[in-house]
Amino acid sequence: MDSRENNITSSQLMGLIVTLQIGPGILSLPNFLAIDCGHDGWISILIYGIIITAVISIIIRLMNRYNNKSIYKINKLLYGKYLGGLLNLLVVLYIWYAACLCLRGYTNVIHINLLRTTPSLAICIFILMPIYYLTWYGLKYVGRFASMIYLTLSFCCLMFLLVFRDLKLSFLMPIGQSGIEGVKASFHSCIFALLGYELISVIYPEITNKKKAMKYAIGSNIITTIFFMILLLVVTSFFGEEMLKKGLFSTITLSRSYRAPIIERMDILFISIWLPAMSMATTGYFCIAYYSINKLLNLKKRGIYLFIFTSITILLSNVPKSISNIDTYSNGMLIAGTIFSIFLIICYLFSFIRKKE
């Protein structure tokens, strides 16, 4: 990859983070939170959104202390060549793991809702064709493509307005019933939905206007938090927590519940709008994973290694065979993402002990 092909602006960084967060979580987050904390899911996502905003500010401050360096170079400066190299390997494996899991979840939704008789492997291959193309040209074009997430958000807000008169605010009462225990129980669902911000530490050197990075990075998490809050309020007040506990993809079910005068299947329209969002999330993880491998190993023959990387990703993404398997692997991604976030905070604190250079 040419370095200029990887340059992104702070506004493109914001679109990329929003994509990584909203793409995987928009479909099933209300269902999981209904199980965890009943109708108070919007309170939990607000609390964890504020916490993640603080974590993002720490990550940006860490990056600013080591101007124009990624977490890979910072690890070697802080922990030495060998331990730093091992930590870098773990970071790359985490991002690759997330890319495979995101691709599997994308394939699973298409398989369940659209192409039920098509083998998952075939769907996976066709999904990765445009992703392969964008990755070939670098992060700059992935960042531009990620801006389409705002179209998905706009359509979802329009759908919320269409079903507004059918909402029952009584389903949200009493507010705060789940209490602190509900907030603790929803840790898994909320953090998993907000993951993606930690990749700032990997691609930070490619941001061209770093002075605005803090503002746009925090802004991306604010957009995600507000959108998820609105989503949870609408879906919960439409179905009620008991019905949400029995469902799987509540947002798709919500689109099926509305009968438009011209559009017969609103859910098909929603899925067609959601597909680019999930594709962008998968593209983001996939491209950053390959970008990381390329940076660490300094690969020369880009075409060969990208093809090998893509092939292995396809095989690994088909390891989970059922929804329960996907949930199990999602727990692994949550644990790894949480550890990575804590590790970045430790790096920031440790940077005051060791010299920056």
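Which of rounded, prolate, oblate describes the stretch 13-125, given a ≥ b ≥ c as roots of the alpha-carbon gyration tensor eigenvalues and a/c under 1.5 marking rounded, otherwise prolate only if a/b is larger than b/c? It is oblate, given that a/c is not under 1.5 and a/b is not larger than b/c.
With Rh defined as the Kirkwood radius, the inverse of the mean 1/r over Cα pairs, the Rg/Rh of the stretch 86-138 is 1.09. For ILE47, neighbours were defined as the other residues whose beta-carbon sits under 15 Å from its Cβ, and their charges (Lys and Arg +1, Asp and Glu -1) total -2. With the alpha-carbon atoms of the chain aligned to their principal axes, the span from lowest to highest coordinate is 59, 44, 35 Å, starting with the largest.
Here the Karplus relation 6.51 cos²θ - 1.76 cosθ + 1.60, evaluated at θ = phi - 60°, turns the backbone of the stretch 70-87 into coupling constants of 8, 5, 5, 6, 5, 4, 5, 5, 7, 10, x, 5, 7, 5, x, x, 5, 5 Hz, with x for every Gly and Pro. Once the chain from ALA122 to ILE180 is taken as fully extended at 0.36 nm per residue, the excess over their C-alpha distance is 16.4 nm. Comparing ILE312, ILE60, ILE252 in a Gaussian network model of the chain where C-alpha atoms under 10 Å apart are linked, the largest mean-square fluctuation is found at ILE312.
Computed from phi, the 3J(HN,Hα) profile of the stretch 50-63 under the Karplus parametrisation 6.51, -1.76, 1.60 (θ = phi - 60°) reads 5, 4, 5, 4, 5, 5, 4, 4, 5, 4, 5, 5, 4, 5 Hz, with x in place of Gly and Pro.
Simple spin-label estimate for ILE346 and ARG144 gives 4.0 nm between the two label positions (7 Å along the Cα-to-Cβ direction from each Cα). How far is helix 149-162 tilted off the main Cα axis of the chain, in degrees rounded to 10, range 0 to 90? It is inclined by approximately 10 degrees.
Diffusion coefficient of the stretch 238-357 by Stokes-Einstein, Kirkwood radius over Cα pairs, 25 °C, 0.890 mPa s: 130 µm²/s.
Among CYS190, CYS37, CYS157, the largest mean-square fluctuation in a Gaussian network model of the chain, built with springs joining Cα atoms closer than 10 Å, belongs to CYS157. Peptides 285-294, 80-89 ordered by packing proxy, namely the average of other Cβ atoms within 10 Å per residue, highest first: 285-294, 80-89. Give the shape of the stretch 134-218 as rounded, prolate or oblate, defined through the alpha-carbon gyration tensor: a ≥ b ≥ c are the square roots of its eigenvalues, a/c under 1.5 means rounded, and otherwise the shape is prolate if a/b is larger than b/c and oblate if not. Taking the square roots of the gyration eigenvalues as a ≥ b ≥ c, the stretch 134-218 is oblate. Exceedance of the 27 Å cut-off in Cα-Cα distance is limited, within the set LYS81/LYS140; LYS140/LYS215; LYS76/LYS210, to LYS81/LYS140.
Report in % the part of the accessible area of the stretch 3-162 that belongs to carbon and sulfur, leaving out ligands and nucleic acids; probe 1.4 Å. C and S atoms contribute 69 percent here. The alpha-carbon atoms of the stretch 46-188, seen along their principal axes, cover 59, 44, 27 angstrom, with the largest extent given first. Evaluated with a Cβ-only charge set (Lys, Arg +1; Asp, Glu -1), the chain carries a dipole of roughly 1340 debye about its Cα centre, given to the nearest 20.
The helix-only estimate of mean residue ellipticity at 222 nm for the chain, built from DSSP H runs of length n ≥ 4 each weighted as -39500 (n - 2.57), is -25000 deg cm²/dmol after division by the residue total. Working from Cα positions, state the angle (0 to 90°, nearest 10) between the long axis of helix 323-350 and the longest principal axis of the chain. Helix 323-350 and the main axis of the chain meet at about 50 degrees.
Accessible area per residue (1.4 Å probe, heavy atoms of protein chains only) ranks MET159, MET173 as MET173, MET159, with the largest value leading. An oblate overall shape is assigned to the stretch 1-68, the ratio a/c of its alpha-carbon gyration tensor axes (a ≥ b ≥ c) being 1.5 or greater and a/b not exceeding b/c.
In this rough spin-label picture, where each label sits 7 Å from Cα along the Cβ direction, the ARG256-ILE326 distance is 1.5 nm. In the stretch 201-244, Rg over Rh equals 1.30, where Rg is the alpha-carbon radius of gyration and Rh the Kirkwood radius from pairwise Cα distances. Using only Cα atoms and rounding to the nearest 10 degrees, what angle (0 to 90) does helix 10-25 make with the longest principal axis of the chain? Its long axis makes an angle of about 50 degrees. The H on the amide N of ILE8, modeled in the peptide plane, is under 5 Å from the matching H of ILE207, THR208, each at least 5 residues off or on a different chain.
The values are calculated or read from the model by the stated rules, or taken from the named source; none is laboratory data. Since the model is a prediction, treat every value here as computed from it, not as a measurement. So basically every Cβ, Gly included, is an ideal-geometry build from the backbone, and we count neighbours across all protein chains shown. Ligands, DNA and RNA are stripped out before the accessible areas are found, and what is left, the full protein with its side chains, is counted by its heavy atoms. Shrake-Rupley method; radii C 1.70, N 1.55, O 1.52, S 1.80 Å.
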